[in-house]
Amino acid sequence: MSSIASASARRVPGIICLAMLLLTLVACSDSENLGEDIETGTGIRNGVTITPQSGTVQYNEVQILAPGSVTMTATVTNATDSSGVSWTLDGEGTLTDVTSSSATYVAPTTVTGAVTPLITATSNADTSRSASIVVRANGDPVVTTQQLFPASVGLYYTGSIPLQGGASPFTWTITSGALPDGMTLGTETTTSYVSFSGTPTTAGSYNFQLQVTDTNSRTSTASLTLQVQPATTCLLSGQYAMLVSGVGSSQLATRAASINVASDGSLSGIGDRKAGGVTTDGAALSGNCTIRSSENGGIGNSGELNLNASGDSPVFNFGITIALDRGRVILTNGGTATASGFLERQDPAAFNLAQLAGSYAFGALGASGDEARMGLIGQLTVDAGGVVTAGRMDSNAASALSAATLTGNMSPPDANGRGVLTLSGGGENFSLAYYVINANRLLLINVASEASAPRLTGFMTRRAASFDNTALASPGVLSLWGFNPAQTPGGVAALARLSNGNASAGTVDLLLDSAAYSANSLGTAVSGAQYSVATDGRATLSFSSGGSARQFTLYLDGTANGYVIERGSVSGNAGLLEAQMAGPYAHSVDGLLVLGTQFPQGTAPLVMIPAGTLTSGLYTFTSSGSVSTATSFSISVSTGRGLGTASLPVVGGGTAVLYQLQPAKLLMLRYGSTSANPAMEWLIK
């Protein structure tokens with residue numbers, strides 16, 4: 001994989017969405033790089049280059065064996081003086097022999113598996129210029145004990161088991177137990193995983209112990225279980241709601257549905273759609289769900305949803321988590337439309353107004369009737385009879401709403417968990433179909449039939465009883481989507497981490513990453529942004545960045561969590577504030593992840609990656625019976641943030657920023673270019 005320069009990265013030929021994923025992410029310094037080239041290759045660099053003098057260099061990392069060391073030199077492009085660089089280490093090990101041009105990293109004496117510290121060199125003359133590189137120090141080998149995705153009788157299956165540390169070549173053996181009949185262990189000797197594949201013939205639970213021996217005769221064993229299910233048509237069983245958005249015929253298109261999947265894979269349900277000026281409100285659905293075997297481009301946890309509704313028969317690929325409760329979907333057959341989103345298991349016990357009564361915050365984003373992007377946010381209280389009281393709402397549409405008092409009514413949910421929420425306020429009326437996930441979370445889609453009605457999708461979530469300025473005192477990550485019609489491509493996306501909130505002073509610090517056409521910025525630090533939180537959770541936030549004043553309105557449902565719009569934004573920015581788990585953060589997030597684009601705002605290829613395995617900084621992706629080369633990343637232990645390159649099927653490669661939000665969720669901003677829209681992907685497990 002060659003160096004990729006700036007957001008205008010070279011694109012790779014289009015391939016199917018289940019092709020190889022290479023994901024390299026490393027943390028970067030807090031610097032503003034508006035409109036400058038952000039290069040990736042031997043480290044992430046902006047005016048500074050790090051060159052390792054030994055070890056194995058690949059992508060943005062240098063590999064060594066522990067105990068061991070590697071010396072690195074740094075050069076500053078077009079240096080204004082001879083002051084050189086300053087070095088920092090984030091992670092295990094030490095830096096020695098530090099000078100203004102070089103430093104030596106020394107790995108810990110004892111390493112079990114691998115450590116992946118981050119080394120950063122920052123120009124002394126201009127601290128906005130820096131470079132970072134991951135060091136992978138491999139120690140004693142460790143076979144990862146992980147939950148394996150279940151297989152099915154008669155369906156070809158392939159999977160992989162990651163390895164941390166060790167020195168190749170490796171020898172793999174099963175020392176006790178056995179794989180299911182019809183499956184065999186792979187013969188990899190130089191990779192950081194071993195594969196297994198085949199077509200199981202008998203249902204059951206298969207326990208086996210796997211051992212690896214490296215070239216230095218060091219061994220590691222792990223006890224694993226592979227569950228083989230009876231022959232089945234679909235991985236999904238029961239009731240799920242899905243929410244999808246995208247673009248069709250140059251217009252934003254939205255869709256929501258509830259599907260009930262039977263044991264034979266047949267499905268029934270109800271759905272709503274707004275596309276091409278047509279609104280389909282509460283249409284009955286039929287169709288079927290099938291598993292996609294590895295031989296057909298699947299990887300064991302993916303499938304296909306074929307939906308039939310009035311005048312519409314879309315086909316979606318899906319990838320599902322091991323718990324079979326959450327997943328990602330992408331439209332694969334819908335005419336000229338491109339769309340993606342997610343599905344979640346519903347709780348039928350919450351399908352009644354008594355369960356849903358209470359106070360909520362809500363947020364939806366999309367486009368107005370003239371396709372200008374916008375967001376609608378607010379808060380409300382609904383009683384057991386469905387009457388909406390004590391609410392207000394804001395929007396950043398052309399006719400903006402500002403704390404408008406709202407009234408409305410919530411119809412009882414039907415057997416699909418679907419109802420209609422009507423809201424009025426500030427001279428605006430909205431008819432929102434809702435789908436119950438559980439008693440605390442509902443999906444929203446605007447189904448007003450007027451041609452001028454906005455196309456909006458979003459969420460409504462139960463909120464805390466009252467708020468004050470302490471609600472923004474904990475870290476949270478703000479994600480924004482928008483579209484600027486004055487540029488092509490017009491997609492706009494941004495991430496901002498809020499931290500160091502001072503409730504008494506009403507100030508908070510931000511670290512801002514923005515992607516829009518060629519005006520990209522990485523790690524812009526904003527100190528002392530002003531905020532204020534009202535008792536009902538309505539908050540305002542303002543700061544200056546790049547010489548421009550920016551103003552936001554938020555409605556919170558909890559601490560550092562809720563919905564947001566940017567006022568006066570030419571791109572109609574709207575999105576989410578999501579609470580971030582407390583640090584320090586791990587350099588790696590382990591587990592099987594499903595990746596997919598959410599809220600796509602422009603015409604562009606979209607991706608859905610059914611499965612990637614993260615273990616100690618290594619990312620491997622399984623597709624069609626093979627496993628990709630593993631790449632590495634390092635997340636900052638202080639911010640949970642990573643920066644690097646994301647090379648994805650269809651869309652190619654380029655700069656990306658990642659945040660660890662929760663143990664089961666990562667959020668990634670993939671920068672676009674002058675020929676491709678940026679995108680936001682959610683990675684869940």
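The values are calculated or read from the model by the stated rules, or taken from the named source; none is laboratory data. In this text the structure is predicted, and so the values were computed from the model without any measurement. A quick note on method: Cβ atoms are made from the backbone with ideal geometry, for glycine too, and the neighbour counts reach across all protein chains shown.
Table: residues versus (1) touching a residue at least 24 places away in the same chain (Cβ under 8 Å); (2) under 27 Å from residue 163 (Cα atoms); (3) not acidic (Asp, Glu).
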{"residue": "73", "(1), (2), (3)": "yes, no, yes"}
{"residue": "81", "(1), (2), (3)": "yes, no, no"}
{"residue": "85", "(1), (2), (3)": "yes, no, yes"}
{"residue": "88", "(1), (2), (3)": "yes, no, yes"}
{"residue": "94", "(1), (2), (3)": "no, yes, yes"}
{"residue": "103", "(1), (2), (3)": "yes, no, yes"}
{"residue": "109", "(1), (2), (3)": "yes, yes, yes"}
{"residue": "116", "(1), (2), (3)": "yes, yes, yes"}
- prompt: Out of curiosity, is residue 627 at pLDDT 75 or above, buried (at least 21 other Cβ atoms within 10 Å of the Cβ) and not aromatic (Phe, Trp, Tyr)?
  reply: no
message: I'd like the full set of residues that are in a strand (DSSP E or B), modelled with pLDDT under 95 and in contact with an Asp or Glu (Cβ under 9 Å, 6 or more places away or on another chain), limited to region 531-549.
response: 545
field: Pair list, Cβ < 7 Å and 6+ apart or interchain, from region 348-361 residues that are closer than 15 Å to residue 408 by Cα and free of Cβ contacts under 8 Å to residues at least 60 places away in the same chain to residues that are of a type outside the set (Asp, Glu) and buried (at least 17 other Cβ atoms within 10 Å of the Cβ)
entry: 357/382
- prompt: Which of the residues spanning region 190-204 are surrounded by fewer than 16 Cβ atoms within 10 Å (Cβ to Cβ) and within 32 Å of the chain's Cα centre (by Cα)?
  reply: 190
- prompt: Among the residues of region 92-125, which ones are crowded, with 18+ Cβ neighbours inside 10 Å, in a loop (DSSP other than H, G, I, E, B) and at negative phi?
  reply: 107, 111, 116, 117
task: Identify, from the list 479, 452, the residue that is over 24 Å from residue 257 (Cα atoms) and not aliphatic (A, V, I, L, M).
output: 479
- prompt: Which of the residues spanning region 133-158 are outside any strand (DSSP E or B), out of contact with any Leu (no Cβ under 6 Å at 6 or more places or on another chain) and among the aliphatic types (A, V, I, L, M)?
  reply: 153, 155
- prompt: Right, residue 364: surrounded by fewer than 18 Cβ atoms within 10 Å (Cβ to Cβ), closer than 19 Å to residue 563 by Cβ, modelled with pLDDT of 95 or more and of a type in the set (A, V, I, L, M) or not?
  reply: no
field: Odd one out for residue 204, checked against (1) touching a Phe, Trp or Tyr at 6+ places or on another chain (Cβ under 9 Å); (2) on the phi > 0 side of the Ramachandran plot
entry: (1)
Residue check, residue 384 in contact with a strand residue (DSSP E or B) (Cβ under 7 Å, 6 or more places away or on another chain) and of a type outside the set (D, E, K, R): no
task: Out of the residues in region 517-526 that are assigned to a strand (DSSP E or B) and not small (Gly, Ala, Ser), state the one that is nearest to the chain's Cα centre (by Cα).
output: 522
Residues being touching a helix residue (DSSP H, G or I) at 6+ places or on another chain (Cβ under 8 Å) and acidic (Asp, Glu) - total across region 532-573: 0
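Quick grid of which residues meet (1) part of a strand (DSSP E or B); (2) at pLDDT 85 or above; (3) closer than 16 Å to residue 237 by Cβ:
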| site | (1), (2), (3) |
| --- | --- |
| 256 | yes, yes, no |
| 268 | yes, yes, yes |
| 272 | yes, yes, no |
| 281 | yes, yes, no |
| 289 | yes, yes, yes |
| 299 | no, no, no |
| 317 | yes, yes, no |
- prompt: (1) touching a residue at least 60 places away in the same chain (Cβ under 8 Å); (2) surrounded by 16 or more Cβ atoms within 10 Å (Cβ to Cβ): which one isn't true of residue 388, the others all being true?
  reply: (1)
- request: Return a yes/no flag: does region 631-650 have any residue that is part of a loop (DSSP other than H, G, I, E, B), within 18 Å of residue 245 (Cβ to Cβ) and either modelled with pLDDT of 70 or more or assigned by TED's automatic domain parsing to the domain that holds residue 157 (or both).
  value: no
- prompt: What is the one condition in (1) modelled with pLDDT of 95 or more; (2) not in a strand (DSSP E or B) that residue 231 does not satisfy?
  reply: (1)
- prompt: Going through region 343-361 one residue at a time, which ones are in a strand (DSSP E or B) and either basic (Lys, Arg) or surrounded by fewer than 17 Cβ atoms within 10 Å (Cβ to Cβ) (or both)?
  reply: 345, 358
message: Suppose the filter is small (Gly, Ala, Ser) and either in a strand (DSSP E or B) or buried (at least 24 other Cβ atoms within 10 Å of the Cβ) (or both); does residue 340 pass it?
response: yes
- prompt: Among 161, 174, which is surrounded by fewer than 20 Cβ atoms within 10 Å (Cβ to Cβ), in a strand (DSSP E or B) and either touching a strand residue (DSSP E or B) at 6+ places or on another chain (Cβ under 6 Å) or among the basic types (Lys, Arg) (or both)?
  reply: 174
task: Scan region 556-567 and give yes if some residue there is surrounded by 17 or more Cβ atoms within 10 Å (Cβ to Cβ), acidic (Asp, Glu) and farther than 22 Å from residue 466 by Cβ, otherwise no.
output: yes
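Here is a yes/no grid of residues against (1) under 24 Å from residue 602 (Cα atoms); (2) assigned to a strand (DSSP E or B); (3) assigned by TED's automatic domain parsing to the domain that holds residue 396; (4) touching a His at 6+ places or on another chain (Cβ under 6 Å):
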site: 474; (1), (2), (3), (4): no, no, no, no
site: 481; (1), (2), (3), (4): yes, yes, no, no
site: 486; (1), (2), (3), (4): yes, no, no, no
site: 498; (1), (2), (3), (4): no, yes, no, no
site: 501; (1), (2), (3), (4): no, yes, no, no
site: 528; (1), (2), (3), (4): no, yes, no, no
message: If I filter region 567-577 for residues that are under 14 Å from the mean Cα position of the chain (by Cα), among the charged types (D, E, K, R) and modelled with pLDDT of 85 or more, do I get at least one hit?
response: no
- request: Identify the single condition in (1) polar (S, T, N, Q); (2) surrounded by fewer than 20 Cβ atoms within 10 Å (Cβ to Cβ); (3) part of a strand (DSSP E or B) that residue 514 does not satisfy, given that it satisfies every other one.
  value: (2)
- request: Give region 447-472 a look and list any residue that's surrounded by fewer than 22 Cβ atoms within 10 Å (Cβ to Cβ), within 27 Å of residue 345 (Cβ to Cβ) and polar (S, T, N, Q), or say none.
  value: 461
